[in-house]
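Bear in mind that the values in this text are calculations on the coordinates, not laboratory data. Fair warning: this is a prediction, and the values are worked out from it, not measured in the lab. Neighbour counts are summed over all protein chains in view; Cβ atoms, including those assigned to glycine, are modelled from backbone coordinates with ideal geometry.
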Amino acid sequence: MFLGREQVWWIVPAGQQIRHAITDHPGSRPAGDLVTALCSAGVKLPYETWPTSREPASRRITARCPVCETRVADRQEKVEGLTVSTWDS
């Protein structure tokens, strides 16, 4: 995590088939914790269910929440150096 720099992660919440954007680092909280996505939806952090030698199951999911997409785009315009990452499990 970069201190002093705002970050956004695209995740596939547990039990969903769409990516949501969050500002909480996915690895900094236990899997299953409820966090608030940029669209204000409560989403559960995904569980790590794949061996490290295999491709993550969530990688194939590319659909993104349209409200989160708009809010990420707004932040990119306003926040210099915003880091946007995809986190898969």
task = For the chain, give the magnitude of the charge dipole about the Cα centre (Cβ charges: +1 Lys/Arg, -1 Asp/Glu; no others), in debye to the nearest 20.
result = 180
task = Could you estimate the translational diffusion coefficient of the chain from the Stokes-Einstein equation, with Rh from the Kirkwood formula over C-alpha pairs, at 37 °C and 0.692 mPa s, in whole µm²/s?
result = 245
task = For a footprinting-style exposure proxy, rank Cys39, Cys65 by other Cβ within 10 Å, fewest first.
result = Cys39, Cys65
request  = Within 10 Å of each residue's Cβ, count the other Cβ atoms and sort Arg29, Arg19 from fewest upward.
outcome  = Arg29, Arg19
task = Provide Lys44, Lys78 in ascending order of the number of other Cβ atoms located within 10 Å of each residue's Cβ, fewest first.
result = Lys78, Lys44
